[in-house]
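Enquirer: Below is one structure. I have some questions about it.
Coordinate-derived values only; no laboratory data. Treat the numbers as computed from the prediction; the structure is a model and nothing was measured. Glycine gets a Cβ as well: all are built from the backbone with ideal geometry, and neighbour counts include every protein chain shown.
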Amino acid sequence: MGIPEKIKAIQDEMAKTQINKATNHHIGLLKAKIAKLKREQEDKEIQKSGVKTDGFDVRRAGDATVVFIGLPSVGKSTLLNKLTDAKSTVGAYQFTTLTVVPGMMEYRGAKIQVLDLPGIIKGASSGKGLGKRILSVARTADLVLLMLDVFQPFHEDVLVNELGNIGIRLNKLPPNITIEKSPMGGIAVAQQVKLTKISEQHLKDILHIYGIISARVVIREDITSEQLADHIAGNISYSKSLTILNKIDLVDREFLEDLKTKIKSEVIEVSANSEINIELLKEKIYDKLNFIRIYMRPKGGETDFKEPLIAREGDTVEDICNKLHRNMKKQFRYGLIWGKSVKFGGQRVGLDHIVQDEDVLTIIKTRGA
């Protein structure tokens, strides 16, 4: 029996199993088996193709990369042209875009690469159309823009499911757990929180499915069996997303308000054709990317407030050095900072200092550098 047949057999068993408290353990193990089989299937496909990825070849540019994911004819190309300097082909028929079309959005000093991808269809994650190639681009994106047509708003579930099927989790963080394999001693579980979504025995059974029979497991948050399987698989990516509802100029306010009550996530309402809320969307994208602005001051010179260096929340002085030049860290002696991240202006800091929005930074190089 091949992998697809094994997956189908387990799915059939799940469909026949009545879901209740008594069967949760069993269902969780079946889901873990499916996740393991799907990973094995992907590994075989990669080995067969001889390449590491089946995604489109896209060179990253700018301070961040965002991608449009949506069904055909939802207005992705039109919106890309309004946000950026791109010239993506626009047409009133399906599958206008057949490759990745990049554009660059400039906003508040940040340069954000926006990628218009071909429309996906239900079953894309299983290989229908260009599905896997399209979805794989989202793995490396800093932000996924889920694009919906105002007349087909319930396709959001389709998009989320297709991304989930290839291992992309939207608006979620990796589970806070550690698994250290050991040569002997069985599985020792250290719970720093009380587990309510999975029992310790269930956890051990899932580890056994993946061939882990001896390990030290530290759990720092209440996790589900799906989160545990994701962590073990190690091929899961966690991405932020925004949901965009397009073509709002074609409906009245009453229709729109009623529609918003039926959509699960917060949505940004726009009209690409009529250029409604385009600036609001730019602001939301910028905010979602957690950008901060760092102003550079050369030693003995004036601060450059016109062109800030764009960084991310949580970045350190070392990250700033790496953005400036690949050899900057080697030449770094210390930094001087004026701003919210220090107690007093001109405070001396090291590479591990975390910068904050609108900090002013002077880098002092080693003598002779």
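Enquirer: With the chain treated as a Gaussian network of Cα nodes joined by springs under 10 Å, which of LEU195, LEU79, LEU159 yields the largest mean-square fluctuation?
Expert: In the Gaussian network model the winner is LEU195.
Enquirer: Taking every pair of Cα atoms in the stretch 292-365, average 1/r, invert it to obtain the Kirkwood radius, and report Rg/Rh to two decimals.
Expert: Numbers: Rg = 10.8 Å, Rh = 11.9 Å.
Rounded to two decimals, Rg over Rh is 0.91.
Enquirer: Hey, got the dipole for the stretch 198-259? About the Cα centre, +1 on K and R Cβ, -1 on D and E Cβ, debye to the nearest 20?
Expert: 500 debye
Enquirer: Scan [x] 40, 23, 19; [y] 39, 32, 20; [z] 49, 24, 17 for the value of semi-axes √(5λ) of the Cα gyration tensor in Å calculated from this model and give just the label.
Expert: Among [x] 40, 23, 19; [y] 39, 32, 20; [z] 49, 24, 17, the one calculated here is [y].
Enquirer: While we're on this one: Would you work out the charge dipole size for the chain about its Cα centre, treating the Cβ of every Lys and Arg as +1 and the Cβ of every Asp and Glu as -1, and quote it to the nearest 20 debye?
Expert: Dipole size: approximately 1360 debye.
Enquirer: Along the positive direction of the dipole of the chain (beta-carbon charges: Lys, Arg +1; Asp, Glu -1; about the Cα centre), which of VAL158, THR78, ASN277 reaches farthest?
Expert: Working it through, the farthest residue towards the positive pole turns out to be VAL158.
Enquirer: Given springs between every Cα pair under 10 Å in a Gaussian network model of the chain, which of VAL251, VAL144, VAL114 has the largest fluctuation?
Expert: Sorting by GNM fluctuation, first place goes to VAL251.
Enquirer: How much net charge surrounds GLU318 when only the other residues with a Cβ under 9 Å from the Cβ of GLU318 are counted, with Lys and Arg +1 and Asp and Glu -1?
Expert: Neighbour charge sum, excluding GLU318 itself: -2.
Enquirer: Out of residues 5 or more away from ILE187 or on other chains, whose amide H comes under 5 Å of its own, with H placed 1.01 Å from N in the peptide plane?
Expert: Amide H neighbours of ILE187, under 5 Å, 5+ apart: ALA215.
Enquirer: Which of LYS194, LYS288, LYS76 moves most in a GNM of the chain, Cα contacts under 10 Å?
Expert: LYS194
Enquirer: Mean residue ellipticity at 222 nm from the helices of the chain, using -39,500 (n - 2.57) per DSSP H segment of n ≥ 4 over the full residue count, to the nearest 500 deg cm²/dmol? Please report the intermediate quantities before stating the final value.
Expert: Details: 11 runs with 115 residues, N = 369.
The helix contribution divided over the chain gives -9500 deg cm²/dmol.
Enquirer: Using only the Cα atoms of the stretch 151-297, build the gyration tensor, take square roots of its eigenvalues as a ≥ b ≥ c, and label the shape rounded, prolate or oblate: rounded if a/c is under 1.5, else prolate if a/b is larger than b/c, else oblate.
Expert: Prolate is the answer for the stretch 151-297, as a/c is 1.5 or above and a/b outweighs b/c.
Enquirer: Would you kindly state the longest site-free stretch of the chain, with sites defined as GluC sites (Glu not before Pro) in a DSSP loop (not H, G, I, E, B) surrounded by at most 14 other Cβ atoms within 10 Å?
Expert: Numbers: sites that count: GLU221, GLU266, GLU275, GLU302, GLU313.
The longest such stretch corresponds to 1-220.
Enquirer: So if I place +1 on the C-beta of Lys and Arg and -1 on the C-beta of Asp and Glu, and nothing else carries charge, what would the dipole magnitude of the stretch 292-365 be about its Cα centre? I want it in debye, nearest 20.
Expert: Details: 14 positive and 11 negative charges, 78 e Å.
Using Cβ point charges on Lys, Arg, Asp and Glu, the stretch 292-365 gives about 380 debye.
Enquirer: For TYR107, enumerate residues with amide H under 5 Å from its amide H, sequence gap 5+ or separate chain, H modeled in the peptide plane.
Expert: Those lying under 5 Å, H to H, from TYR107 are ILE112.
Enquirer: Determine the relative contact order of the chain: mean sequence separation of Cα pairs under 8 Å and six or more apart, normalised by residue count, in whole percent.
Expert: This gives 13 percent for the chain.
Enquirer: Quick check on my link table: of LYS33/LYS197; LYS76/LYS340; LYS111/LYS343, which ones sit more than 27 Å apart, alpha carbon to alpha carbon?
Expert: Pairs exceeding 27 Å: LYS76/LYS340; LYS111/LYS343.
Enquirer: For the stretch 304-351, calculate the relative contact order in percent as a whole number, restricting contacts to Cα pairs under 8 Å that are 6 or more residues apart.
Expert: 29 percent
Enquirer: Next up: Skipping prolines and chain starts, which residues have an amide H placed within reach, meaning under 5 Å, of the one on LEU242, given they are 5 or more residues away or on another chain?
Expert: Result for LEU242 returns VAL144, LEU145, LEU146.
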